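Inspection log for the structure reproduced underneath, given as structure tokens.
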Amino acid sequence: MPATTNPPVHTILLADDDYSVTTSLALLLKQAGYASLVAPNPREALHKTAQEKIALVLLDMNFSRQTTGAEGLTLLKEIKKQQPQLPVILMTAWGSIALAVQGMQAGASDFITKPWSNEQLLHSVRTALGLAVANASAKTSQRLSREELDARYDFHALAGHEQKFLRVLEIIGRVSATDASVLITGESGTGKEMIAEALHRNSLRKDKPFIKVNLGGIPATLFESEMFGHVKGAFTDARFDRKGRFELAHGGTIFLDEVGDLDPSCQVKLLRVLQDRTYEVVGSSQTRAVDVRVISATNRNLAELIEQGQFREDLLYRLNLIAVHLPPLRERRSDIPLLAEYFLQSLGKVYRRPALALGNSARQWLQSLPWPGNIRQLKHVIERTVLMSSKDALETEDFNLALQMQQEESGKDGLPAVGSMTLDDMERAMIEKALRFYEGNITKVAEALGLSRAALYRRFEKFGITP
């Protein structure tokens, strides 16, 4: 009796009129364990998505001699109208930024150009299917409590019970097992790096490298060398081969912090490695493939940067397949005592003071403060208090003294306390101060700040300032 085999779990619809393309794709998908169906035209594609159990659609953008992509976009919208949750990956030999953005805005999961990389295509398929499963389970399950989240995931370093924060934990827990790119946004000091670490810790890549990169600290001239590495002799100071950050992260996760500060010329180079999963080492013509999960973070408004022409819209869509926004500490006031106690426990181990505790009056006082520097500022104040006070039960006056000393020290150099303001906050405050000082005289304000009038007006628009 012949052995029986289980059918593939997922069936993928290949909506393309090119026989050679569908044949190649069907073979590739079969080798990866997927079944496939072919639809050579939009009418048949809609019929099969309605009649068959389709898990994902690979959709060509053109079914005639036209190369505008209009046919593919129209079919995408029809499929999404018919089955909103069905993931669709667009494919075209006539790729353009505008077409990619339109497709993603219309609900596509990803955008792949022909000729494709087999590894990149399969990566995109696996990610889209994984997210579809995660989204389906989220719709059928109830909101999880903190205890239930802790039972399912490793969130040991993330303290908090506030609902907005629990929602963030639920999202990262659900998508952690996929390879979906995640963009973490939020004010400075809200704990974006901690969320990135939790994503990696709960992923299938947890035993592989987790590489952190502060893109805001890498000059544009060194970007390729830092990210992709270089070979000996590639430039004057290249005395030995050096591995880049992507090579170090191979098989694991790369965390791109401060991605909103990336120079426009470097954005193109980053986009290529995210699209093709390939790069070239500086000084070498050999193309290398890389297998990484990408997590990025920024405290800047990328939508505004796109409008100002400072950030690529197609790069944003590559980075934020999943977007997570961390609430500021002022919107998590009920979590402040929990965070304070968490920091006290950690500091008690470091300074060998296990009896450290938070007094009742201090709880309410800490909750009443604005904390412009968010969790980072709270941690600094608590550590300073522990160092200054010999008491184990810390009260309001202990924390208040530490906070006042921090403010006094920051005033010595004329700058706010570290963690209390972002560079954007400081820039806006200085512009507003100059406007008041010169009573709205734009020419004098621009001269005082070392800006041209045009540059000053761009900042008015950026910060929403009405002169």
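Suppose we keep only residues that are out of contact with any Phe, Trp or Tyr (no Cβ under 9 Å at 6 or more places or on another chain) and not acidic (Asp, Glu) within the range 283-298. Which one would you say is surrounded by the most Cβ atoms within 10 Å (Cβ to Cβ)?
Within the range 283-298, the match that is surrounded by the most Cβ atoms within 10 Å (Cβ to Cβ) is Arg293.
Suppose we keep only residues that are surrounded by 21 or more Cβ atoms within 10 Å (Cβ to Cβ) and of a type in the set (A, V, I, L, M, F, W, C) within the range 299-320. Which one would you say is nearest to Glu187 (Cα to Cα)?
My answer is Leu302.
Among the residues of the range 246-260, write down those that are of a type in the set (Gly, Ala, Ser), buried (at least 18 other Cβ atoms within 10 Å of the Cβ) and over 13 Å from Leu319 (Cα atoms). It would help to see each step written out before you state the result.
Going residue by residue through the range 246-260, those that are of a type in the set (Gly, Ala, Ser) are 249, 251-252, 260.
With the extra rule that they be buried (at least 18 other Cβ atoms within 10 Å of the Cβ), the set shrinks to 249, 252, 260.
Matches in the range 246-260: Ala249, Gly252.
Cβ-Cβ distance below 7 Å, separation of 6 or more or different chains: which pairs start in the range 438-460 with a residue that is not assigned by TED's automatic domain parsing to the domain that holds Glu307 and aromatic (Phe, Trp, Tyr) and end on one that is crowded, with 16+ Cβ neighbours inside 10 Å and at pLDDT 80 or above?
Tyr438/Val445
Which of (1) among the β-branched types (Val, Ile, Thr); (2) over 16 Å from the mean Cα position of the chain (by Cα); (3) surrounded by 19 or more Cβ atoms within 10 Å (Cβ to Cβ) is the odd one out, the single condition Thr190 does not satisfy?
(2)
Exactly one condition in (1) farther than 18 Å from Leu183 by Cβ; (2) surrounded by 14 or more Cβ atoms within 10 Å (Cβ to Cβ); (3) not assigned by TED's automatic domain parsing to the domain that holds Ile79 is not met by Gln120; state its number.
Going through the list (1) farther than 18 Å from Leu183 by Cβ; (2) surrounded by 14 or more Cβ atoms within 10 Å (Cβ to Cβ); (3) not assigned by TED's automatic domain parsing to the domain that holds Ile79, Gln120 breaks only (3).
Looking at Lys269, Lys243, which one is surrounded by fewer than 16 Cβ atoms within 10 Å (Cβ to Cβ) and over 17 Å from the mean Cα position of the chain (by Cα)?
Being surrounded by fewer than 16 Cβ atoms within 10 Å (Cβ to Cβ) and over 17 Å from the mean Cα position of the chain (by Cα) holds for just one of Lys269, Lys243, which is Lys243.
Could you list, in sequence order, all residues of the range 385-397 that are assigned to a helix (DSSP H, G or I) and farther than 25 Å from Glu162 by Cβ?
Leu387, Met388, Glu397
Could you grab me the full set of residues in the range 322-357 that are surrounded by 19 or more Cβ atoms within 10 Å (Cβ to Cβ) and more than 30 Å from Ile171 (Cα to Cα)?
Scanning the range 322-357 gives a single hit, Leu356.
If I ask for residues that are of a type in the set (Asp, Glu) and either surrounded by 13 or more Cβ atoms within 10 Å (Cβ to Cβ) or more than 26 Å from Glu258 (Cβ to Cβ) (or both), which ones from the range 433-467 would you list?
Listed by number, the residues that qualify are Glu439, Glu447.
How about the range 310-372: which helices (runs of 4 or more DSSP H) wholly inside it have at least 1 residues that are over 24 Å from the mean Cα position of the chain (by Cα)?
By residue number, 336-350, 360-368.
Mind checking which residues of the range 373-397 are over 33 Å from the mean Cα position of the chain (by Cα) and surrounded by fewer than 20 Cβ atoms within 10 Å (Cβ to Cβ)?
Step one: of the range 373-397, the residues over 33 Å from the mean Cα position of the chain (by Cα) are 385-397.
Selection gives Leu387, Met388, Ser389, Ser390, Lys391, Asp392, Ala393, Glu395, Thr396, Glu397.
Between residues in the range 19-36 that are touching a residue at least 60 places away in the same chain (Cβ under 8 Å) and residues that are surrounded by fewer than 16 Cβ atoms within 10 Å (Cβ to Cβ) and not β-branched (Val, Ile, Thr), which pairs lie under 6 Å by C-beta distance while being six or more apart or on different chains?
Leu28/Asn118; Tyr34/Pro8
Examine the range 309-318 for a residue that is under 19 Å from Phe228 (Cα atoms) and in contact with a helix residue (DSSP H, G or I) (Cβ under 8 Å, 6 or more places away or on another chain), and state whether such a residue exists.
yes
The values are calculated or read from the model by the stated rules, or taken from the named source; none is laboratory data. For clarity, every value in this text was computed on a predicted model and none was experimentally measured. Counting neighbours? That spans all protein chains shown, and the Cβs are built from the backbone with ideal geometry, glycine included.
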